[in-house]
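Notes follow once the structure below has been shown.
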Number of protein chains: 2
Amino acid sequence: MSCWVPVPEGSDFTLENLPYGVFEPRRGGGGHGPRVGVAIGDQVLDLAAMWAGTPLGADLATGSLNRFLRRGPREWAYVRAEVRRMLETDERRLFCERNLYRLDEVALRLPIEVADYVDFYASEAHAANLGRIFRPETPEPLLPNWKHLPVGYHGRAGTVVPSGTPVRRPAGQRAAGDFGPTLRLDIEAEVGFVVGAPSALGEPVSTGAFAEHVFGVVLVNDWSARDLQRWEYQPLGPFLGKSFATSVSPWVVPLAALEAARVPVPVQEPEPLAYLAEKESWGLDLRLEVSLNGEVVSRPPYRDTYWSPAQMLAHTTVNGASLRTGDLYASGTVSGREPDQFGSLIELSWNGEWPLRLADGSERTFLQDGDTVTIRASAPGVGGGRIGFGEVSGTVVG
Amino acid sequence: MSCWVPVPEGSDFTLENLPYGVFEPRRGGGGHGPRVGVAIGDQVLDLAAMWAGTPLGADLATGSLNRFLRRGPREWAYVRAEVRRMLETDERRLFCERNLYRLDEVALRLPIEVADYVDFYASEAHAANLGRIFRPETPEPLLPNWKHLPVGYHGRAGTVVPSGTPVRRPAGQRAAGDFGPTLRLDIEAEVGFVVGAPSALGEPVSTGAFAEHVFGVVLVNDWSARDLQRWEYQPLGPFLGKSFATSVSPWVVPLAALEAARVPVPVQEPEPLAYLAEKESWGLDLRLEVSLNGEVVSRPPYRDTYWSPAQMLAHTTVNGASLRTGDLYASGTVSGREPDQFGSLIELSWNGEWPLRLADGSERTFLQDGDTVTIRASAPGVGGGRIGFGEVSGTVVG
């Protein structure tokens, strides 16, 4: 069977994808308030309506995916199979049609209530670029721990915002005694992983249990104020340089949609310790695309990322730290080896030395007020198809 | 009037204190499930019962203080005044008596649902001690940014646990290729601040607005694995070395109980930037006491802490980061200048060089399995009284 909902050529949201989000119709009709939906073509199917009157329906009739995610992987698989059946067969077609909304007639919310937010530093090209920029005198650009563990830190969960939220240029200390709006506002193009099923305190989650806990993938723009970050980060890491806003895409693409995108991680040398051994391949062939004011400025290849999301998760919990539904962890800036694959402006402009020249003739080192940054991505789907991630976008306001 | 509930001599929980917590009777009676209470003497008054049938009562009949805290400072003042009146007058005495529980007959829960957890590094003596330990070759023990801003970072909110929770010794990478249980398990005696009223994204909270947002104070033990931390922390700060457990005391002492404890912060030189200027004194004369297996090993004086909690809050939000109800931020290790005032074992044993000798003849550099660490504190109350904080305690399990 094929899908009876029209899916335009090149749409991000095919029957193989079926990503989850939280939406609200802009104008009345079909129930009230935000609820969980699945995107298909140019529309979104109201899952709360499809399961109305059941406990599952109640968990879907809320402002975040969390209650649905807490139900765990068997329920995720059940709902995905049912949605697919609804869209492929005529069994409930009339009822479905009444609960489909055009995407341009709904508002999309933050898909999850973020519990803890952790950001990694998992791209070797990115870490090496920053090493070359900040420690040009050192022949080895990576720090000694980098190939032994996925370096990561906790970010601010409360300032994770949905795509479209304006990003106010943060003020802060740019250096000793120097206070003002950041002069080095940057982006970081990242891939984020959403934890659905929690884990118990004291019980590490192995790399092999990754798909039992992680539900799906979002795109992340981890906005960064490089001057604030540089002055504050010793010895406890980034704080205000990152905590003002982290934007995420509204659609969570389930891992189940990414089977055809799975690839081995790059060769890891030295061999990771046992707890980091990748039992199955959870590298992912996601192709990112970063646009500045509508012009593509970079195409970072996530598949080159050194540490897999399963390794990051195993690392996060190896000390016994528990996972909660809604935990979000991100890859860190995704950069490839080539200059047109760098995922941040500090790399693209090489710390401001070589400004980017844009199509309108203007130049950029870091972001100006009014600039809009949009990150998109796609991955191979089954049978030559394409899985799209929608986008995460934000405009800088002064 | 005086309190008709008996308050034993030396009790932490006087009529001037009235701290808030979440409790559950161990055996039936008086309603079901966890609810908010106020400690008085050896008992706890069930606030959910006292306001039963009202919207406020519903907000008090839950497993955390958050819904009450979200109501804001006017409501905090109203409830505090009402509770005091209940305990001082006979108006509702009979009803109160039916809703008092002996503290030894209730279980205490984590008082708040933690939104974001931020830990600072605000004690000069502590930061200087760590500088001397780790950078003995450098004449100035503080890093260049330390006196310009309160250095802080985000910790893991999901592993904040209530006093009494056993702390499992974490495993992790102790150095390159060296995996195993931490050999340097430490404590950090800290003071924590609970945010009640949220703030809007993009709008900094001034030092003068501190008491409009912060509800009260808890004791914090930020357990630390020094070997894990040392290997992982460059360049993004502590992660697994801290994220396995952070214990907090069950009673939140409201700022309103600490008027007599307010003191100026130490002289700050260089003068802080305008946004960090302390408009009113929010230094606090809290006297901490750290016990190891029942023996007092240190008495850290919080009043010497360089950065005030109002300054820490202004710093956290100066970049526009918003506050949420349930945000918790802590001072970092509280250490005084004298060796018997250090708030961590890495300082007390000077990085393991000079073991502590305990009363039973044993020695400690870092913690052994079975060790119990308890932190208590008190502050001056009005009219020569004493405000107690209860305790935060935890036992290490292997």
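Could you tell me whether segment B:74-88 includes any residue that is free of Cβ contacts under 8 Å to residues at least 24 places away in the same chain, crowded, with 20+ Cβ neighbours inside 10 Å, of a type in the set (D, E, K, R) and closer than 23 Å to B:Val195 by Cα?
no
Please give the number of the condition B:Phe120 fails out of (1) within 10 Å of another protein chain (Cβ to nearest Cβ); (2) without any contact (Cβ under 8 Å) to a residue 40 or more places away in the chain.
Status for B:Phe120: all satisfied but (2).
Give the residue, chosen from A:Arg92, A:Arg70, that is more than 25 Å from A:Ala157 (Cβ to Cβ), touching a residue at least 12 places away in the same chain (Cβ under 8 Å) and surrounded by fewer than 18 Cβ atoms within 10 Å (Cβ to Cβ).
Sole residue among the options that is more than 25 Å from A:Ala157 (Cβ to Cβ), touching a residue at least 12 places away in the same chain (Cβ under 8 Å) and surrounded by fewer than 18 Cβ atoms within 10 Å (Cβ to Cβ): A:Arg92.
Which condition number in (1) closer than 21 Å to B:Gly202 by Cβ; (2) in contact (Cβ under 8 Å) with a residue 60 or more places away in the chain is the one that A:Gly294 fails?
Just one mismatch for A:Gly294, condition (1).
Take the conditions in contact with a Phe, Trp or Tyr (Cβ under 6 Å, 6 or more places away or on another chain) and either assigned to a loop (DSSP other than H, G, I, E, B) or within 11 Å of chain B (Cβ to nearest Cβ) (or both) and apply them to A:Leu240. Does it pass?
no
So which residues in segment B:198-223 are more than 14 Å from chain A (Cβ to nearest Cβ) and either in a helix (DSSP H, G or I) or among the hydrophobic types (A, V, I, L, M, F, W, C) (or both), if there are any at all?
B:Thr207, B:Gly208, B:Ala209, B:Phe210, B:Ala211, B:Glu212, B:Val214, B:Phe215, B:Val217, B:Val218, B:Leu219, B:Val220
Let's see how each residue does on (1) surrounded by fewer than 16 Cβ atoms within 10 Å (Cβ to Cβ); (2) more than 27 Å from A:Gly155 (Cβ to Cβ):
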{"position": "B:Gln311", "(1), (2)": "no, no"}
{"position": "B:Gly320", "(1), (2)": "no, no"}
{"position": "B:Gly326", "(1), (2)": "no, no"}
{"position": "B:Thr333", "(1), (2)": "no, no"}
{"position": "B:Arg337", "(1), (2)": "yes, yes"}
{"position": "B:Ser349", "(1), (2)": "no, yes"}
{"position": "B:Asp369", "(1), (2)": "yes, yes"}
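Residues to consider are A:Val151, A:Val167, A:Val160; find the one that is in contact with a Gly (Cβ under 7 Å, 6 or more places away or on another chain), hydrophobic (A, V, I, L, M, F, W, C) and within 11 Å of chain B (Cβ to nearest Cβ).
A:Val167
Check B:Arg132 against each of (1) outside any loop (DSSP other than H, G, I, E, B); (2) over 24 Å from the mean Cα position of the chain (by Cα); (3) within 13 Å of chain A (Cβ to nearest Cβ) and name the one condition it does not meet.
It is condition (3) that B:Arg132 fails.
Which of the residues belonging to segment A:271-308 are assigned to a loop (DSSP other than H, G, I, E, B), touching an Asp or Glu at 6+ places or on another chain (Cβ under 8 Å) and either among the basic types (Lys, Arg) or not assigned by TED's automatic domain parsing to the domain that holds A:Gly390 (or both)?
Scanning segment A:271-308 gives a single hit, A:Arg299.
This table checks each residue for (1) surrounded by 23 or more Cβ atoms within 10 Å (Cβ to Cβ); (2) not aromatic (Phe, Trp, Tyr).
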residue: B:Val218; (1), (2): yes, yes
residue: B:Asn221; (1), (2): yes, yes
residue: B:Trp231; (1), (2): no, no
residue: B:Gly237; (1), (2): yes, yes
residue: B:Phe244; (1), (2): yes, no
residue: B:Pro250; (1), (2): yes, yes
residue: B:Ala274; (1), (2): no, yes
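Each row is one residue, and each column tells you yes or no for (1) within 15 Å of the chain's Cα centre (by Cα); (2) over 30 Å from A:Trp350 (Cα atoms).
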{"residue": "A:Ser224", "(1), (2)": "no, no"}
{"residue": "A:Lys242", "(1), (2)": "no, no"}
{"residue": "A:Ser249", "(1), (2)": "yes, no"}
{"residue": "A:Glu271", "(1), (2)": "no, yes"}
{"residue": "A:Trp282", "(1), (2)": "no, yes"}
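If A:Gln341 satisfies all but one of (1) away from every other protein chain (no Cβ under 12 Å); (2) touching a residue at least 60 places away in the same chain (Cβ under 8 Å); (3) surrounded by 24 or more Cβ atoms within 10 Å (Cβ to Cβ); (4) touching a strand residue (DSSP E or B) at 6+ places or on another chain (Cβ under 7 Å), what's the number of the condition it fails?
(3)
Among the residues of segment B:297-326, which ones are within 20 Å of B:Pro254 (Cβ to Cβ), among the aliphatic types (A, V, I, L, M) and either facing chain A (nearest Cβ under 9 Å) or free of Cβ contacts under 8 Å to residues at least 12 places away in the same chain (or both)?
B:Leu323
So A:Gly37 ticks every box in (1) in contact (Cβ under 8 Å) with a residue 60 or more places away in the chain; (2) closer than 22 Å to A:Ala260 by Cβ; (3) buried (at least 20 other Cβ atoms within 10 Å of the Cβ); (4) touching a Leu at 6+ places or on another chain (Cβ under 8 Å) but one. Which box is left unticked?
Single failed check for A:Gly37: (2).
The values are calculated or read from the model by the stated rules, or taken from the named source; none is laboratory data. Not measured: the values here are computed from a predicted model. Note that each Cβ is placed from the backbone with ideal geometry, even for glycine, and that neighbours are counted across all protein chains shown.
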